[in-house]
């Protein structure tokens, strides 16, 4: 039986790359999305053309009822969920902190942190061997912003990612004896649409020179790290934060 993975924010960028990589490793994939149904269905179509199984499920990870429905629909379509990649995230508008408006701040916290927590809570309830589950693996997508702070750009986003890393470590230790491994990947700057969404589409080119490897990352490079942490190859790894940043 194929492993079943839910990947949040999987219509584009790192999420889409992870969905394709998971399918190539014989995972059945639930492609979660919020607004761009066409992009999500394109990922599902790619997986189907490669001989895999996938379904697209709309849902806002910051809404508890949507998270429950996401897991329920994934299970109905694909079977018991055994893995979760919490990738959905937003920077909000790239700006100095004092210029940040409250609605943007609340949305960044709700999506990046609360959404990650809600998804993890639902996964633990279903994966835990204490609750009758068969165990599972969770990977939360953080960012090197968690340690760099991202001054002048999005310290609010960086703060949510730092919280995700603390959450990952704590929850991993809490459920380690319940058949659940929880880890995080902290990408550096990656060439995705998140920069344009934050109002700075040229950011990858501007920051490349400060990266030791001399370039920004590709979504596929982050996906490989995520898949490794999900897999049995990382069976003795839990509570870890794997930095994939070109040397930052």
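Just so it is clear, none of the values below were taken in a lab; they were calculated from the coordinates. Every value quoted in this text rests on a predicted model; they were computed, and no experiment measured them. A quick note on method: Cβ atoms are made from the backbone with ideal geometry, for glycine too, and the neighbour counts reach across all protein chains shown.
A compact table of results
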| read-out | value |
| --- | --- |
| DSSP bridge orientation in the chain - percent antiparallel, rounded to nearest 5 | 0 |
| Theoretical gain in end-to-end length, residue 2 to residue 213 [0.36 nm per residue, Cα-Cα removed] | 72.3 nm |
| Distance in nm between pseudo-label sites at residue 49 and residue 134 (7 Å out along the Cβ direction from Cα) | 3.1 |
| Potential extension, residue 69-residue 235 segment - 0.36 nm per residue separation minus Cα distance | 56.9 nm |
| Relative contact order [Cα under 8 Å, 6+ residues apart], the chain, whole percent | 19 |
| Whole-number percent relative contact order across the stretch 6-46, with pairs defined as alpha carbons under 8 Å at least 6 apart | 46 |
| Degrees, to the nearest 10: 37-49 long Cα axis against longest axis of the chain | 50 |
| Residue 102-residue 77 pseudo-label distance in nm [points 7 Å out on the Cα-to-Cβ vector] | 3.8 |
| Crossing angle, helix 64-78 versus the chain [Cα axis fit, 0-90 degrees, rounded to tens] | 50 |
| Angle between the chain longest axis and helix 155-175 axis [Cα atoms, degrees, rounded to 10] | 30 |
| Label point distance in nm, residue 41-residue 166, each placed 7 Å from Cα along Cα→Cβ | 4.3 |
| Computed helical MRE - 222 nm, the chain, DSSP H runs ≥ 4 contributing -39500 (n - 2.57), nearest 500 | -13000 deg cm²/dmol |
| Average projected area [Cα convex hull, the chain], square nanometres | 12.4 |
| Intensity falloff of the stretch 131-187 expressed as log10 I(q)/I(0), Debye formula with alpha-carbon point scatterers, at q = 0.23 Å⁻¹ | -0.81 |
